[in-house]
Amino acid sequence: MEWFESWFDTPYYHLLYSNRDYTEAENFITKLTADLQLPPQSKIIDLACGKGRHSVFLNKLGYDVLGLDLSRQSIESDKQFENQTLIFEVHDMRNPIDADPMDAVFNLFTSFGYFDKENDDKKVFQSVYNALKPGGYFVLDYLNEEFVRNTLVPETTITRGDIDFKILKKSKADTSSKTSVLKLMVSRFISLKK
Ligand SMILES: C[S@@+](CC[C@H](N)C(=O)[O-])C[C@H]1O[C@@H](n2cnc3c(N)ncnc32)[C@H](O)[C@@H]1O
């Protein structure tokens, strides 16, 4: 089993990132939708939606949302929020998406970059590209490489309740080739700096 198939189902992930809650998602989506100006009822995929915090708020704003995630556990929990315009399904982002053409695909909170093989990354971009209407948006909420390199703290400890999480970080190879693949393949690319 790959690490990303189990880690996001653990209570430790949810505890460590407990600050990434519905309020944080609402604030982020409020800014993003103000920027994109998508008309009401636009079709949006929340790719790697997790517990659905962005999907639910997007739907409240009047968008038609499909939340997709690899985690069966998360999708089972998300199903409680479903309605006619908010659907959740188990889906591996490397696979083609079987849905109507989309106005936008969002991949939020660094839900990309987990795969060892570059070809798997390409499969994700191809799948997103195929899912979008011409002129549709792909929003990839990813690390600001320059900022991360310049501010990287190799070792920190985050305490949540009784648990100390020791966080180790290091920078690896240059990602510029992946960035250019992305620019070529998606209809429109928005870089959101954290
Ligand atoms: C950092 S979490 C972010 C979740 C959500 N976007 C949020 O902001 O709360 C990353 C998510 O990616 C999902 N994921 C990991 N690998 C995936 C894959 N191959 N296909 C689809 N989802 C995947 C995980 O299950 C997890 O829910």
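Within the span defined as the range 56-70, one or more residues are open to solvent by 40 Å² or more (accessible area, probe 1.4 Å), within 11 Å of the ligand (Cβ to nearest atom), closer than 24 Å to residue 167 by Cβ and assigned to a loop (DSSP other than H, G, I, E, B).
Looking across the range 90-118, the residues that are over 23 Å from residue 53 (Cβ atoms), within 14 Å of the ligand (Cβ to nearest atom) and modelled with pLDDT under 95 come down to 115, 116, 117.
Looking only at the range 27-50, count how many residues are among the charged types (D, E, K, R) and open to solvent by 70 Å² or more (accessible area, probe 1.4 Å).
2
Taking the criterion of being in contact (Cβ under 8 Å) with a residue 12 or more places away in the chain and either assigned to a strand (DSSP E or B) or surrounded by fewer than 19 Cβ atoms within 10 Å (Cβ to Cβ) (or both), the residues of the range 98-108 that qualify are 99, 100, 101, 102, 103, 104, 105, 106, 107.
So, in the range 76-94, of the ones that are over 15 Å from the mean Cα position of the chain (by Cα) and among the β-branched types (Val, Ile, Thr), which residue ends up nearest to residue 43 (Cα to Cα)? Going through the qualifying residues, I end up with 85.
If you go through the range 123-143 and keep only what is within 10 Å of residue 112 (Cβ to Cβ) and surrounded by fewer than 17 Cβ atoms within 10 Å (Cβ to Cβ), you end up with just 143. Taken together, the residues in the range 118-156 that are touching a residue at least 24 places away in the same chain (Cβ under 8 Å), of a type outside the set (S, T, N, Q) and assigned to a helix (DSSP H, G or I) amount to 12. Note on the range 18-40: residues that are within 13 Å of the ligand (Cβ to nearest atom), without any contact (Cβ under 8 Å) to a residue 60 or more places away in the chain and not in a helix (DSSP H, G or I) total 2. Out of curiosity, is residue 87 modelled with pLDDT of 95 or more, over 22 Å from residue 19 (Cβ atoms) and part of a loop (DSSP other than H, G, I, E, B)? Judged against the criteria, residue 87 is not a match.
The values are calculated or read from the model by the stated rules, or taken from the named source; none is laboratory data. The shown structure was predicted, so the numbers you read here are calculated from the model rather than taken from an experiment. Here the Cβ is made from the backbone with ideal geometry for all residues, glycine too, and neighbour counts use every protein chain on show. For the accessible areas, the whole protein counts, side chains as well, though only heavy atoms, and no ligand, DNA or RNA atoms are used. Shrake-Rupley method; radii C 1.70, N 1.55, O 1.52, S 1.80 Å.
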